[in-house]
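Engineer: Got a structure here, written out as structure tokens. Questions coming.
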Amino acid sequence: MIPQCQGRLSRRYIALIVFIGVGFVLYNNFHPQDYIGATKVGPVKYIPSSYDWSRNPVKYPVEDMKSPPTAEPKKLPPVQRQWQESTEGHISLARKTAVKKAFVKSWDAYKTYAWAQDELKPLSRKGKQSFSGWSAQLVDALDTLWLMDMKEDFQLAVEQIALIDWAKTDDDFLNLFEVTIRHLGGLLAAYDLSGEQLLLSKAIELGDMLYATFDTPNRLPSHWLYFTKAKQGEQKADDSMSGAAGCSMGLEFTRLSQITGDPKYYDATERVKQFIYRNQNNTKLPGLWPHTMNYRQETVETAMFTLGAGADSLYEYLPKMHAILGGLDPEYVQMTTQALDTATKHLLYRPINPNDDNILMAGNAVAGKSRVELTTEMQHLTCFIGGTYGLAGKLMSREDFVDLGSRLTAGCIWAYDSFPTNIMPEIAELKRCPDIDGKCSYEELKSLSSSPTLPPGFTRVRDARYLLRPEAIESVFYMWRITGDEIWRDAAWRMWEGIVKETENDVAFASIADVRHEGSKKEDSMETFWMSETLKYFWLIFEDHNVLNLDDWVLNTEAHPFKRPKS
Ligand SMILES: *[C@@H]1O[C@H](CO)[C@@H](O)[C@H](O)[C@H]1NC(C)=O
């Protein structure tokens, strides 16, 4: 009796547990919002955002809406070397295949452990929400999937993206810059490559939301879009925001206007451009814009100048806007050449190095009353600038810029080569030659000897991490496409081998704590730019030069390609 009874009881108990378990699984997989309001687009389920920002009342309407220039695009000088033959060979094919293998590994890990979340944590094998929870990694990796011919995974990603509801997030705010370059840039690029309409629909919904950030008394934006405040028309431009955060949405907003024919997005960022155009000569270092600016009062009074963190993409977007507008806005040529000429004079310096290589780096400056004080810092983030000089030099027929770009890129390669891991640190300080040209012998200056733990020429490593960043390889990519000189491909491969050796783990790739020692401790982070930028640039270097030809495409600051207009 007793055992039987116990048996029956435990069977019921098991049945109950199973019932609860099944219910739990069903409950967790059933998201009512996946069905309520869902429509079908072809075979794909699509969820329009539950809040339509295009109908949000505008508190500060625009009176004189500006449109992108409509004249016939100009024929700009070619950016790429005019190759007669294919640039594919045995070696480049093997190297390209190795890069793709790393991408597939990273993607598979994301798919397995973090699907539809913002990022993969490669050590704990979990997902992480870091940009409002709209599948940042999916959106950021889309165009790389397409380029690497992973069309099935591309389709899977599109189906997931069709379910994104921009109104559904745990936060009451979003980061205008980060969401613009990653999500809006990623969607528009994948649309430009594939023609997939679902992506354009999601981009428009998102663009309408981001546009609300510009609904302020002077129509300049703030760093954050606060949803509640924006719905009530209570947003103001920030009184202190970096140049990069406020002034590098132009490519994405312009492309959205070009594709949709609705000028409002272009109008929004054109006003920001007018603010910096008007003030380029009014700063403490005329020609450059300070690291932070007052967008509310429209003043530019702070004294720190850099091409690195906080400023970077403002400068990067100047020549790229010239390209995407088909050369029809001369103000971008003026701003680019003045900015780069001033940067050359005040921010570039030549690191002293044992090979006496003619390399350059870009540091920071503080502009005082009588003089400009240069700090010979080196940031990984600043390494994009070689590519920007190169691109601007080509588009604006300034061969001196191309030459400077080449020396700046060589500077970052030198920094990679200087460490035993073959990877450059996040931030370091260097010894400099008196001038960027002329005599500078390492032998003569050796008395300023480095500490034994530092590579020659370095005085301090301030942040020894490597975060899987793309900027150095990005410039190598530009120099390769511009010159076709194999030294850039060889350098890329040395960097690649170092990075793979130090950052790969059993499932994916991870940031490392210290580039000064081989076998460094890894950190639980693989930021989304690894799959959208770093791997894409490495892969493109070994791919044929006609894939994403820079005479047809312009890449945003997250390496998302947009079509350039053609005459
Ligand atoms: C700034 O100064 C330069 C020359 O010093 C001039 O060519 C340019 O037009 C000025 N920019 C503006 C916006 O006035």
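The values are calculated or read from the model by the stated rules, or taken from the named source; none is laboratory data. As the structure is a computational prediction, the values presented were derived from the model and not from experiment. Cβ sites come from the backbone with ideal geometry, for glycine too, and all protein chains shown count toward neighbours. With ligands, DNA and RNA removed, areas are computed over all heavy atoms of the protein, side chains included. Shrake-Rupley method; radii C 1.70, N 1.55, O 1.52, S 1.80 Å.
Engineer: List every residue pair whose Cβ atoms lie under 8 Å apart, where the two residues are 6 or more positions apart in sequence or sit on different chains, the first residue falls within the stretch 476-487 and is more than 17 Å from Leu535 (Cβ to Cβ), and the second residue, located anywhere, is polar (S, T, N, Q) and in a helix (DSSP H, G or I).
Structural biologist: Note: pairs meeting the criteria are Met479/Ser406; Met479/Thr409; Thr483/Ser406.
Engineer: Those residues that are part of a strand (DSSP E or B) and open to solvent by less than 10 Å² (accessible area, probe 1.4 Å), I need them from the stretch 508-554; list them, please.
Structural biologist: If the condition is that a residue be part of a strand (DSSP E or B) and open to solvent by less than 10 Å² (accessible area, probe 1.4 Å), then Phe509, Ile512, Met526, Val554 are the ones that fit.
Engineer: Here's another thing I want to ask about it. Among the numbered criteria (1) in contact with a strand residue (DSSP E or B) (Cβ under 8 Å, 6 or more places away or on another chain); (2) in contact (Cβ under 8 Å) with a residue 60 or more places away in the chain; (3) farther than 21 Å from His90 by Cα, which single criterion is violated by Leu548?
Structural biologist: Unmet for Leu548, out of (1) in contact with a strand residue (DSSP E or B) (Cβ under 8 Å, 6 or more places away or on another chain); (2) in contact (Cβ under 8 Å) with a residue 60 or more places away in the chain; (3) farther than 21 Å from His90 by Cα: (3).
Engineer: Still on this structure, I have one more. Just to check your reading of the model, which residue among Glu502, Glu518 is in contact with a strand residue (DSSP E or B) (Cβ under 7 Å, 6 or more places away or on another chain), over 30 Å from Leu550 (Cα atoms) and charged (D, E, K, R)?
Structural biologist: Going through Glu502, Glu518 in turn, just one is in contact with a strand residue (DSSP E or B) (Cβ under 7 Å, 6 or more places away or on another chain), over 30 Å from Leu550 (Cα atoms) and charged (D, E, K, R): Glu502.
Engineer: Looking only at the stretch 67-91, how many residues end up being surrounded by 17 or more Cβ atoms within 10 Å (Cβ to Cβ) and either touching a helix residue (DSSP H, G or I) at 6+ places or on another chain (Cβ under 8 Å) or of a type in the set (Lys, Arg) (or both)?
Structural biologist: 4
Engineer: Residues that are within 26 Å of Arg516 (Cα to Cα), buried (at least 20 other Cβ atoms within 10 Å of the Cβ) and charged (D, E, K, R): does the stretch 438-452 have at least one?
Structural biologist: No.
Engineer: Can you name the condition, by its number, that Gly393 falls short on among (1) touching an Asp or Glu at 6+ places or on another chain (Cβ under 9 Å); (2) within 16 Å of the ligand (Cβ to nearest atom)?
Structural biologist: Here Gly393 clears every test but (2).
Engineer: Where residues in the stretch 235-268 are open to solvent by less than 30 Å² (accessible area, probe 1.4 Å), polar (S, T, N, Q) and over 18 Å from the mean Cα position of the chain (by Cα), which of them is nearest to Glu205 (Cα to Cα)?
Structural biologist: By that ranking, first place goes to Ser257.
Engineer: Next up: Just the residues that are of a type outside the set (Lys, Arg) and more than 17 Å from Ser240 (Cα to Cα), please, taken from the stretch 268-279.
Structural biologist: Scanning the stretch 268-279 gives Ala268, Thr269, Glu270, Gln274, Tyr277.
Engineer: What about Arg350, is it open to solvent by 10 Å² or more (accessible area, probe 1.4 Å) and over 22 Å from Arg460 (Cα atoms)?
Structural biologist: So Arg350 fails the test.
Engineer: Which one of these is among the basic types (Lys, Arg) and in contact with a strand residue (DSSP E or B) (Cβ under 8 Å, 6 or more places away or on another chain): Lys273, Lys284?
Structural biologist: Testing whether each residue is among the basic types (Lys, Arg) and in contact with a strand residue (DSSP E or B) (Cβ under 8 Å, 6 or more places away or on another chain) leaves just Lys284.
Engineer: Can we say Pro57 is in contact (Cβ under 8 Å) with a residue 12 or more places away in the chain, open to solvent by less than 30 Å² (accessible area, probe 1.4 Å) and not in a helix (DSSP H, G or I)?
Structural biologist: no
Engineer: Follow-up question, since we're still on this one. Test each condition in (1) touching an Asp or Glu at 6+ places or on another chain (Cβ under 9 Å); (2) open to solvent by less than 10 Å² (accessible area, probe 1.4 Å); (3) free of Cβ contacts under 8 Å to residues at least 24 places away in the same chain for Ala230 and report the one that comes out false.
Structural biologist: Condition not satisfied by Ala230: (3).
Engineer: Give Thr421, Thr409 a once-over and let me know the one that is open to solvent by less than 10 Å² (accessible area, probe 1.4 Å), hydroxyl-bearing (Ser, Thr, Tyr) and outside any helix (DSSP H, G or I).
Structural biologist: Testing whether each residue is open to solvent by less than 10 Å² (accessible area, probe 1.4 Å), hydroxyl-bearing (Ser, Thr, Tyr) and outside any helix (DSSP H, G or I) leaves just Thr421.
Engineer: Does the stretch 184-195 contain at least one residue that is at pLDDT 95 or above, farther than 14 Å from His560 by Cβ and outside any helix (DSSP H, G or I)?
Structural biologist: Yes.
Engineer: For Glu471, only one of the following conditions fails: (1) loosely packed, with under 15 Cβ neighbours inside 10 Å; (2) under 22 Å from Val99 (Cβ atoms). What is its number?
Structural biologist: (1)
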